[in-house]
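The values are calculated or read from the model by the stated rules, or taken from the named source; none is laboratory data. What you see is a predicted model; the values in this text were computed from it and never measured. Backbone-built Cβ (ideal geometry, glycine too); neighbour counts: all protein chains shown. With ligands, DNA and RNA removed, areas are computed over all heavy atoms of the protein, side chains included. Shrake-Rupley method; radii C 1.70, N 1.55, O 1.52, S 1.80 Å.
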Amino acid sequence: MPHSCKECNLEFDNKVLHDTHWKKCVKTVTFVTHTGEQVTVTRHQNGTFVCYCSHPKCPKEKGFVTVDALQKHMKTLKTTWLGPEKKARLHKQAEDQAAHASASLSQLSITITTNASQGAHSSALQVNTNISQ
């Protein structure tokens, strides 16, 4: 009995060949993560599924060829699904915090206290830094 791919209509003589093909052909998949979240992902134009999980290095430039590989990645790293919108928001917040921290470092004041034999002396030193990225 032939098995047909629902995405491209190719026919296969056995289910194993069909299933192997389908994992690389399917465009949109809904799956349940290891944490019980239901996630729907769509294959990117480069042919991979992009991961928008809570891992700080995601999304990676190189996506996952199959949803199985994406699920394994999330399970191994014990991450949760954020999705592209929330991941972009978190990335922007991190950039804003880094810019704020950089601006806070633009002026630094240091006080130096020395102990001389006839008394303590205190001097203020102000350092202006230009931090550029």
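Results, tabulated for the structure shown:
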read-out: Any hit, segment 50-71, residues being assigned to a helix (DSSP H, G or I), open to solvent by 50 Å² or more (accessible area, probe 1.4 Å) and of a type outside the set (A, V, I, L, M, F, W, C); value: yes
read-out: Hits in segment 72-88 - residues which are β-branched (Val, Ile, Thr) and either open to solvent by 60 Å² or more (accessible area, probe 1.4 Å) or free of Cβ contacts under 8 Å to residues at least 12 places away in the same chain (or both); value: Thr76
read-out: Residue within segment 37-49 that is within 29 Å of Glu7 (Cβ to Cβ), modelled with pLDDT of 70 or more, surrounded by 10 or more Cβ atoms within 10 Å (Cβ to Cβ) and touching an Asp or Glu at 6+ places or on another chain (Cβ under 7 Å) present; value: no
read-out: The one condition in (1) open to solvent by less than 80 Å² (accessible area, probe 1.4 Å); (2) modelled with pLDDT under 75; (3) touching a strand residue (DSSP E or B) at 6+ places or on another chain (Cβ under 7 Å) that Gly119 fails to fulfil; value: (3)
read-out: Test set (1) at pLDDT 60 or above; (2) open to solvent by less than 60 Å² (accessible area, probe 1.4 Å) - Gln97 fails condition number; value: (2)
read-out: Candidates His34, His21, His91, filtered to the one that is surrounded by 16 or more Cβ atoms within 10 Å (Cβ to Cβ) and on the phi < 0 side of the Ramachandran plot; value: His21
read-out: Residues of segment 1-28 classified as among the aliphatic types (A, V, I, L, M), under 30 Å from Ser54 (Cα atoms) and modelled with pLDDT of 90 or more, total; value: 0
